[in-house]
Amino acid sequence: MIQTRACPFPFQREEIRMGFSTAGGGPSRPQMNVTPLIDVLLVLIIVFMVVVIEQRPTGLQTELPQQPNPKDHTIPPPNRTIVIQIHHAKPGTEHPQVTVNEEAVEWDHLRERLRDIFAIRVERIAYLEADDDIDFQDVADVIAIARIAGVDRVGLLTEDGKHVPVAG
């Protein structure tokens with residue numbers, strides 16, 4: 001028997017065993033079956049991928065103008081585009097001046113006028129043009145009045161040509 005300072009218990013050299021077993025050796029320790037665990041993890045990964053795809057952020061829906069089909073003549077195009085213009089208010093008035101296709105319309109009668117115009121139209125689109133320093137609240141009020149009057153879509157017109165320097 002051999003006894004060392006580190007190990008006060010006596011042991012014999014014949015009793016020392018290695019920490020691994022051989023192929024034909026006696027009983028082995030139970031091992032964990034990881035196949036079900038991997039299956040669960042794969043299902044979770046697929047579920048998270050589906051959730052992420054479903055929660056894709058969406059922006060505002062826009063409708064781009066399309067070229068008319070030259071072979072389709074079932075609906076005749078409207079003779080005139082409806083343009084609502086907002087100009088500065090006259091001194092002493094609360095609301096700005098409004099014109100519909102260059103025809104002056106009182107603010108209180110704007111809804112009725114637009115309702116009359118769009119009552120016979122199939123395509124209910126109006127375009128809105130405002131002076132540069134008009135409050136946006138007035139523009140939003142005209143858009144709301146137009147929507148109440150039956151206008152489906154309201155387009156905003158810009159002044160592209162007024163900002164370009166004229167050569168001359």
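Taking other C-beta atoms within 10 angstrom as a stand-in for reagent exposure, Ile53, Ile143 fall in the order Ile53, Ile143, fewest first. If you take the alpha carbon atoms of the range 82-159 and fit the smallest convex hull around them, that volume is 85 Å³ per residue. Restriction of the GluC sites (Glu not before Pro) in the range 85-121 to DSSP coil positions whose beta-carbon has at most 15 other beta-carbons within 10 angstrom yields Glu94, Glu102, Glu106. Close amide H partners of Asp131, meaning residues 5 or more places away or on another chain with modelled amide H under 5 Å apart, are Ile86.
No value in this document is a laboratory result; all are computed from the given coordinates. It should be emphasised that the depicted structure is a prediction, and the values quoted were computed from it without experimental measurement. A quick note on method: Cβ atoms are made from the backbone with ideal geometry, for glycine too, and the neighbour counts reach across all protein chains shown.
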